[in-house]
Amino acid sequence: MLRPMPSPRANRARGGNTSNPEIRSVSPPCALLWIWGWFHRCYNGYVIWFQRVLLCCLRLLEWPSCTVTLVFGVREWGFGFVGELSRILVHGMNAMLWGKMPHLRIRHCGILFSVAEFFGCRVGGDGAFSCSTMAAVSFQSLPGFRDFLPRDFAVRQYLHESWRATARHHGFVEYETPLLEDTELYLKKTGGELSSQLFRFDDQGGRNVTLRPEVTASLARLAATHQRDFPKPLKWFEIGQCFRYEKPQKGRGREFFQWNVDVLGEGAVQADAELLAVAISGMLALGFVEGDFRVRVSDRNAWADFAAGHGVVDAALGEFLQVVDKLEREREEVLQAKLAALGLELATVKAFIADQENQSAMYRALHADLSARGLGSYLEWDLSIVRGLAYYTGMVFEVFDARGEMRAVAGGGRYDTLIATMSGGKVDLPATGFAMGDYVIRNLIEETPHAMKRMEEWLAKNAAGCEVYAVVDGEEHRPVVLGLVTRLREAGLRVDFPLTAAKYAKQLQRAEQSGARFAVVAREGEQELRVKCFASRSESVIELADAVVVLKEMLGAYAAAPLGWFFGFLVFVFLWYLKLLHIREVRIRMIFSHVVCWWRNTVRRYFGASLWRRTSQMRRLR
């Protein structure tokens with residue numbers, strides 16, 4: 001444990017050397033930090049070497065638990081090459097330490113002084129460290145739980161809005177259930193490993209409650225109670241948070257958001273086809289194309305027939321399906337031992353999976369329905385998919401990346417008996433549904449360039465803090481700026497401004513960092529407004545009275561600019577082709593004038609005259 005640094009008086013009382021108490025009277029970890037401060041002042045090179053020395057010293061001290069904060073020789077955690085290299089090194093060193101030194105974890109920080117704060121030290125103006133108090137407690141999020149910084153939250157919103165739009169396009173309506181449910185609700189219906197992954201506790205009223213691990217049980221409870229109030233089938237969806245106590249790893253955490261889509265009250269295969277169409281459309285809406293993912297479909301009834309034909313009793317069917325579900329995740333000797341206890345051979349099970357002649361009538365009807373929609377090519381028959389939860393009764397499916405390098409992106413199936421079980425037999429309602437979590441789908445987006453491009457385009461348009469930044473060029477002009485900000489916000493624009501006095505250049509820098517497209521400068525007593533466009537680095541002047549209308553037009557032109565660039569590129573290619581044909585220059589100029597007239601008339605006819613005016617206005621700004 002770190003000790004506070006004694007004062008010079010206490011050092012003299014012990015007969016210690018007072019010439020440099022910062023070195024001689026601190027505990028070894030604080031001395032290491034003092035050396036770090038000296039090393040940072042003298043020379044920023046060889047930082048990685050010094051960090052490894054620091055880690056070895058901490059290992060020799062045998063600290064029971066600590067988090068080492070590294071800065072990589074920069075006072076500000078910046079962007080660009082140094083920042084990216086630092087992030088890579090942090091992840092790499094964590095990976096190296098995972099097996100050899102599990103009690104040490106590394107995290108990066110934004111500024112140098114947080115190193116001192118973590119170890120209970122203070123840093124001088126020249127960068128030297130000294131110890132003043134006991135080490136402060138370092139609070140971090142719990143394992144498997146996430147903090148959503150602005151970009152992470154924007155990515156989450158991108159997923160949610162895409163999911164919500166896809167479900168509504170297919171005629172589904174949204175609902176919500178509580179995060180906290182009675183534990184018996186999950187113990188009664190799930191079975192398998194889920195019952196051991198519950199976040200359960202006794203509340204102050206003595207009830208045993210659980211943070212919901214999934215939404216299907218809550219939906220079954222809700223439908224059993226209120227199904228009389230709605231026409232059938234019920235096409236409902238929900239986007240919410242779930243919790244499971246399992247080992248955090250890539251594609252899985254202890255809290256996650258999930259898109260749940262269900263059809264209740266319809267037992268025909270057309271309901272399963274509609275569900276699969278939603279899942280496939282949801283992937284396409286996120287920017288994926290055919291070849292990026294595959295939908296593996298199976299039928300539990302086929303496995304029930306197989307088990308009955310090979311002497312597996314009904315009571316052991318659930319155990320058998322649990323083994324089949326782990327065929328791709330467990331070693332062959334383990335699988336063989338489990339199957340032998342049921343009187344089966346692993347080779348027999350694998351031969352049944354490989355035989356495409358075992359396709360059920362349900363799958364053939366499902367494939368025909370989706371082929372009529374143009375989606376049949378995404379399906380493949382795969383009997384190794386059985387799903388781990390005990391309540392599935394028929395068709396089951398999972399969505400995987402085409403390379404097979406990740407966990408399932410989505411999964412679901414038919415659960416015709418669940419609502420009857422939840423209601424004690426009072427309500428018998430067939431149902432089918434699926435869920436898609438936010439962990440794996442985000443990983444897949446980030447590893448698929450065209451899907452990543454679509455997400456970045458959405459973030460560039462929607463994740464910015466503001467569209468217009470109002471610059472206060474002197475505190476005497478603040479009243480007129482506040483009035484302008486209010487008018488623009490009432491008109492529906494996202495506007496920000498400095499809350500306190502700041503230099504003009506600093507405000508422009510802050511405006512660009514916030515993602516604003518334009519900065520406006522208004523002054524007391526002037527009837528004109530200066531508008532700075534960050535994209536073109538140009539400046540224009542507009543009337544203050546027309547600020548709302550003109551800025552809306554300019555923002556619309558900004559969004560429409562890529563369309564004009566696209567058609568301009570086509571015109572350039574066309575003219576270059578004419579030059580290759582050795583057509584005379586006079587003839588090219590005449591053709592060019594016709595193309596421009598055609599472009600102007602087309603825009604006016606199909607997009608309205610306002611778009612042409614906005615494009616012209618943006619051209620003047622550039």
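The values are calculated or read from the model by the stated rules, or taken from the named source; none is laboratory data. Given the structure is predicted, the values throughout are model-derived calculations rather than measurements. In this analysis, Cβ positions are derived from the backbone assuming ideal geometry, glycine residues included, and neighbour counts consider all displayed protein chains. Each accessible area value is taken on the protein alone, full model and side chains, heavy atoms only, with ligands, DNA and RNA left out. Shrake-Rupley method; radii C 1.70, N 1.55, O 1.52, S 1.80 Å.
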Please go through (1) open to solvent by 20 Å² or more (accessible area, probe 1.4 Å); (2) within 26 Å of the chain's Cα centre (by Cα) for Leu444 and return the number of the only condition it doesn't satisfy.
(1)
Subset of the stretch 313-327, residues without any contact (Cβ under 8 Å) to a residue 60 or more places away in the chain and either surrounded by 10 or more Cβ atoms within 10 Å (Cβ to Cβ) or of a type in the set (A, V, I, L, M, F, W, C) (or both), comes to Val313, Ala315, Ala316, Leu317, Glu319, Phe320, Val323, Lys326, Leu327
Specify the residue that is surrounded by the most Cβ atoms within 10 Å (Cβ to Cβ); the eligible residues are those in the stretch 130-146 that are touching a strand residue (DSSP E or B) at 6+ places or on another chain (Cβ under 9 Å) and at pLDDT below 60.
Cys131
Specify which of the listed residues (Leu563, Leu555, Leu570, Leu529) is modelled with pLDDT under 90, open to solvent by less than 20 Å² (accessible area, probe 1.4 Å) and not charged (D, E, K, R).
Leu555
Criterion violated by Lys426 - all others in (1) in a strand (DSSP E or B); (2) surrounded by fewer than 17 Cβ atoms within 10 Å (Cβ to Cβ) satisfied
(1)
Residues in the stretch 351-387 that are basic (Lys, Arg), touching a residue at least 40 places away in the same chain (Cβ under 8 Å) and either open to solvent by 60 Å² or more (accessible area, probe 1.4 Å) or touching a Cys at 6+ places or on another chain (Cβ under 9 Å) (or both) total 1
Among the residues of the stretch 461-476, are any within 28 Å of the chain's Cα centre (by Cα), open to solvent by 40 Å² or more (accessible area, probe 1.4 Å) and at pLDDT 90 or above?
no
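State which residue is nearest to the chain's Cα centre (by Cα) when the search covers only the stretch 477-504 and only residues that are part of a helix (DSSP H, G or I) and without any contact (Cβ under 8 Å) to a residue 40 or more places away in the chain.
Here the residue is Arg489.
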Kindly list, by first and then second residue, each pair from a residue in the stretch 189-214 that is closer than 18 Å to Met422 by Cβ and at pLDDT below 90 to a residue that is surrounded by 13 or more Cβ atoms within 10 Å (Cβ to Cβ) and of a type in the set (Lys, Arg), limited to pairs with Cβ atoms under 6 Å and residues at least 6 apart or on different chains.
none
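Would you call Glu330 touching a helix residue (DSSP H, G or I) at 6+ places or on another chain (Cβ under 7 Å), more than 24 Å from Ala431 (Cα to Cα), of a type outside the set (Lys, Arg) and surrounded by fewer than 16 Cβ atoms within 10 Å (Cβ to Cβ)?
No: the conditions fail for Glu330.
Pick from Gly388, Gly412: which is within 21 Å of Gly318 (Cα to Cα) and in a strand (DSSP E or B)?
Numbers: Gly388 fails: in a strand (DSSP E or B).
The unique qualifying residue is Gly412.
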Sort through Phe320, Phe306, Phe352 and tell me the only one that's within 24 Å of Ala408 (Cβ to Cβ), outside any loop (DSSP other than H, G, I, E, B), aromatic (Phe, Trp, Tyr) and within 36 Å of the chain's Cα centre (by Cα).
Phe320
Surrounded by fewer than 18 Cβ atoms within 10 Å (Cβ to Cβ) and part of a strand (DSSP E or B): does that describe Gln258?
no
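Quick one: in the stretch 171-227, which of the residues that are in a strand (DSSP E or B) and among the hydrophobic types (A, V, I, L, M, F, W, C) is nearest to Val261 (Cα to Cα)? First the steps, then the outcome.
Filtering the stretch 171-227 for residues in a strand (DSSP E or B) gives 173-174, 180-182, 199-202, 208-211.
Then keep just the ones that are among the hydrophobic types (A, V, I, L, M, F, W, C); that gives 173, 180, 199, 201, 209, 211.
Working: Val173: 10, Leu180: 20, Phe199: 24, Phe201: 29, Val209: 25, Leu211: 20 Å.
My answer is Val173.
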What is the one condition in (1) touching a Pro at 6+ places or on another chain (Cβ under 9 Å); (2) of a type in the set (Ser, Thr, Tyr); (3) open to solvent by 20 Å² or more (accessible area, probe 1.4 Å) that Tyr415 does not satisfy?
(3)
Condition broken by Phe400, with the remaining ones in (1) touching a Gly at 6+ places or on another chain (Cβ under 7 Å); (2) crowded, with 18+ Cβ neighbours inside 10 Å; (3) under 30 Å from Val263 (Cβ atoms) satisfied
(1)
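If I ask for residues that are in a helix (DSSP H, G or I) and of a type in the set (Gly, Ala, Ser), which ones from the stretch 264-303 would you list? Give the steps one after another, and end with the answer.
Restricting attention to the stretch 264-303, the residues satisfying the condition of being in a helix (DSSP H, G or I) are 269-285, 300-303.
Result: Ala271, Ala273, Ala277, Ala279, Ser281, Gly282, Ala285, Ala302.
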